[in-house]
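The values are calculated or read from the model by the stated rules, or taken from the named source; none is laboratory data. These numbers were taken from a predicted model, which means no experiment stands behind them. Don't worry about glycine lacking a Cβ; one is built from the backbone with ideal geometry, like all the others, and counts go over all protein chains shown. Accessible surface is based on the protein model in full, side chains and every heavy atom, while ligands, DNA and RNA are left aside. Shrake-Rupley method; radii C 1.70, N 1.55, O 1.52, S 1.80 Å.
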Amino acid sequence: MVPTTYYLLLAAIIFTIGALGVLVRRNALVIFMCVEMMLNSVNLTLLALAQRWGNLTGQVFVFIVMAVAAVEVAVGLAIVMAIVRHKDTTNVDEINLLQG
């Protein structure tokens, strides 16, 4: 059996990679993928701790996080597609539609 510490360490590494991707990358699609990585690392943490303590609450939260992630992807990709049709770019530095 794999110790819980290994799961938590892997989740921390995945979350760090996702956070760095959000902070460093300029492509909106890559930023969405990095946010998904961060959400999946949180899911891994919740599952590891649920297994460690033998509690099902963590698994319920994972389903909630997965639902929120699915909605985020659907709405986010629709917004990105609308921006690409309007501006022909996915670079977040060039997207300034909300400026007056």
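Between a residue in segment 41-52 that is more than 16 Å from Ile13 (Cβ to Cβ) and any residue that is crowded, with 20+ Cβ neighbours inside 10 Å, which pairs come within a Cβ distance under 8 Å, given they are 6 or more apart or on different chains?
If the second residue must be crowded, with 20+ Cβ neighbours inside 10 Å, no pairs are left.
Per-residue answers, yes or no, for (1) polar (S, T, N, Q); (2) surrounded by fewer than 17 Cβ atoms within 10 Å (Cβ to Cβ):
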site	(1), (2)
Met33	no, yes
Asn40	yes, no
Gly54	no, yes
Thr57	yes, yes
Phe63	no, yes
Ala70	no, yes
Val75	no, yes
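Just give me the residues in segment 1-31 being in contact (Cβ under 8 Å) with a residue 24 or more places away in the chain, outside any helix (DSSP H, G or I) and open to solvent by 60 Å² or more (accessible area, probe 1.4 Å), in sequence order.
Arg26
Is it the case that some residue within segment 78-88 is out of contact with any Ser or Thr (no Cβ under 6 Å at 6 or more places or on another chain) and part of a loop (DSSP other than H, G, I, E, B)?
Yes.
Conditions (1) over 20 Å from Met81 (Cα atoms); (2) modelled with pLDDT of 90 or more; (3) in contact with a helix residue (DSSP H, G or I) (Cβ under 6 Å, 6 or more places away or on another chain), marked per residue:
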position	(1), (2), (3)
Thr5	yes, yes, no
Ala11	yes, yes, yes
Ala19	yes, yes, no
Val22	no, yes, yes
Asn27	no, yes, no
Val35	no, yes, no
Leu39	yes, yes, yes
Leu44	yes, yes, yes
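Collect the residues in segment 76-98 that are polar (S, T, N, Q) and touching a residue at least 12 places away in the same chain (Cβ under 8 Å), keeping them in residue-number order.
Matches in segment 76-98: Thr90, Asn91.
Please work out which residue is nearest to Asp93 (Cα to Cα), limiting yourself to segment 53-74 and to residues that are in a helix (DSSP H, G or I) and not hydrophobic (A, V, I, L, M, F, W, C).
So the residue we want is Glu72.
With respect to Ala50, determine if the residue is open to solvent by 50 Å² or more (accessible area, probe 1.4 Å) and assigned to a helix (DSSP H, G or I). Spell out how you get there, then give the answer.
Working: open to solvent by 50 Å² or more (accessible area, probe 1.4 Å): no; assigned to a helix (DSSP H, G or I): yes.
In short, no.
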